[in-house]
Each structure stands twice: as structure tokens, then as C-alpha cells.
Amino acid sequence: MASLPEDLPSLISEDDRDAAVQRLQEAYAEGHISHEEMDEDLHQVLTAKTRNELVSALASLPEESAGTTSTIAAASGRIQRRGPWRVPRSLKVESAFGRVHLDLSRAVIEHAVVDIELQLGTGRAKITVPRDAIVDVEGLQTGWKDLLYKTRRRSRPGGPRIRISGAMGFGRLKIRHARR
């Protein structure tokens, strides 16, 4: 049985493509790009096969302000993001009691670096990152339980860097790379 080479570029899904088209339409409606730019970028998005091609097609759009942080918060219960969702440049997740599950494997990641700040009291957290992502957990402080994460031996170039920081009280954080 032949195995797939590790250096294949990551392919995009139709959900990724749809999210990119929506972002282009929003940029055009807000006056950030001209009609001609939208046509060119739309053609690139519709013909893109890999994540790098998709990111390249969106490169002319204005960057989100680095100072802007999106926050997901819940006092108790479950915080969950999965499927095709747009990952902001900076994301803060706050939960006093409950579970957190962030699945970035099918998410649209338009930034080379994504900062995720966790402020968790008790409960488990699980983060699934893209197969080609590079994960940095140096800024994370854990209280009662340790972090479960094995660094990938070989990572393909071009993947996003996911920096995880913040503090966890009584709970365990599990980080894994997507299999596909």
C-alpha cells in the first residue's frame, strides 16, 4: 500500500471557497476593492485548488486590524466552533465552567499567524489544527492538568502558525493535528 507524500499542498473544500467568495463580496460592497479587482480575485478564488492559492487570491483585501480581538465567552456550557468558519487574526475564548472545542481543520484561515488566548476556569478544551499548522504553546499557563500535545516531526511549509496563550485552571487542553 503506497502512502501519500507529506509535501502535498492542502486542498480546499467548497465551504472554504464559499467563505472566500463571501469575503470578496463583502469587501466589494464596503468599497475596499473595485469591480475589476473583484472580478479578478473572484476568478482566482473559483479556480483555486490549494489553501495557498486561496490566501493569495484574498491578499489584496484589507487586513483586519491587529488590535481587534474576537471573543467567544460562556459562563457555563459548551463553546464549539467547527466546520467552515472564518478564524479571526486574534481570538479570545473565555469559559468559567464547561467544555471548549475549536476545530480549525476545515476553517478558513486567512492569516499567516493566528493568536488564540484561552481564559478557562474548569473543564476540558480541545483544539484541532490544520494538518500543516505550526503550533506554539509557550504563552499558555496550565494549572491542575498538563497540556496534551505532540509536536509534529515534519510540517509542510505554508501552513498557518497557531499561537496559543492564556491560562487554564482545572482542566486539560488537548491539541491535535487534523488527519486530512
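Summary of values
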| item | result |
| --- | --- |
| Filter result for Ala74 (touching a strand residue (DSSP E or B) at 6+ places or on another chain (Cβ under 8 Å), among the aliphatic types (A, V, I, L, M), without any contact (Cβ under 8 Å) to a residue 60 or more places away in the chain and under 27 Å from Ala178 (Cα atoms)) | yes |
| Some residue of region 105-114 being farther than 19 Å from Gln22 by Cα, in the same structural domain as Gly166 (by TED's automatic domain parsing) and out of contact with any Pro (no Cβ under 8 Å at 6 or more places or on another chain) | no |
| Where a residue in region 163-180 is more than 20 Å from Gly83 (Cα to Cα) and its partner, wherever it lies, is of a type in the set (Lys, Arg) and not in a strand (DSSP E or B), with Cβ under 6 Å and at least six apart | Gly171/Arg124; Arg172/Arg124; Arg172/Lys145 |
| Condition met for Gln80 (in the same structural domain as Leu140 (by TED's automatic domain parsing) and without any contact (Cβ under 8 Å) to a residue 40 or more places away in the chain) | yes |
| Residue satisfying condition, being closer than 29 Å to Gln25 by Cα, under 13 Å from the mean Cα position of the chain (by Cα), surrounded by 18 or more Cβ atoms within 10 Å (Cβ to Cβ) and of a type in the set (S, T, N, Q), within set Ser70, Ser90 | Ser90 |
| Meets criteria (within 25 Å of Arg17 (Cβ to Cβ) and not aromatic (Phe, Trp, Tyr)) for Gly83 | yes |
| Residue match in region 19-29 (condition: surrounded by 15 or more Cβ atoms within 10 Å (Cβ to Cβ) and either of a type in the set (Phe, Trp, Tyr) or closer than 30 Å to Gly121 by Cβ (or both)) | yes |
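The values are calculated or read from the model by the stated rules, or taken from the named source; none is laboratory data. As the structure is a prediction and not an experimental result, all values here were calculated from the model. Cβ coordinates were reconstructed from backbone atoms using ideal geometry, including for glycine residues, and neighbour counts include every protein chain displayed.
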